[in-house]
Amino acid sequence: MIIDIVLIVVGALFIGVYVSWRAGRLDRLYARVEMARAALDATLLRRSSVAQELASSGLLDPATSLLLAAAALGTRGGERPRDLAESDLTRALRAAFSQPDFRASLSGKEGADELLAEVEEAAHQVFVARKFYNDLAAATRDARRRPLARILHLSGRAQAPVFFEMDDSLIADKASAILSGLWCANLRGGAQASPLPAGHTMERSSHE
């Protein structure tokens, strides 16, 4: 009888500790997701700032400067959803960087190399920060779907984190270059930029 009671108590303690650990892990994941999203927002803002600096530097031709400035401005509270606006800025940067002899045309101009390197570094930081955030979001969503977490509502009223999908590559393949060129042509013609096909504009997350 005493052994049965001890086993029940030990089992209850084990279950309690395990449930507490799972709840704590979810809390830690949510905290890390929030910090990762804040870091992503900061890198997106920095990319927008250096893109605006490049647009106003006088290094680019007037048409490219105008397109880049408009795309950078669009990431700051415009009407388009955040992911689409950030993808527009990526396409504007990619269109500028993929111009024939783009770097050669800026060679020797004061501050050009440093500014281009800063833009590329900011773009790379966005890529890394977005991947880190999406990986944490996937881990959190997976933890929420575990049977114990669903049965005991360990996540409380917290909403599942949403993946942030955007086009964030400055490296243009042939298809992306063609689509970016069409996008820029539309803007030059006064047309509103529309989202590109999902296969080219957004890197769809494998976690969904």
Revision key, fill the gap. Per its Cα gyration tensor (rounded if a/c is under 1.5, else prolate when a/b beats b/c, else oblate), the range 34-94 is best filed as prolate
Practice item. Rank by packing, highest mean first: peptides 71-81, 154-164, 132-142, with packing defined as the count of other Cβ atoms within 10 Å averaged across residues. Key: 132-142, 71-81, 154-164
**Study point:** Rg(Cα)/(2.2 N^0.38 Å) for the range 33-160, N = residue count
**Key:** 1.36
Review point. In debye to the nearest 20, how big a dipole does the range 1-60 give about its Cα centre with +1 on each Lys and Arg Cβ and -1 on each Asp and Glu Cβ?
Key: 140 debye
Check your understanding: Asp142 versus Met35, label points 7 Å from Cα toward the beta carbon: distance in nm?
Key -> 2.0 nm
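Computed from the coordinates by the stated procedures, all read-outs in this text should not be read as laboratory data. Everything numeric here is computed off the predicted structure, so don't read it as measured data. So basically every Cβ, Gly included, is an ideal-geometry build from the backbone, and we count neighbours across all protein chains shown.
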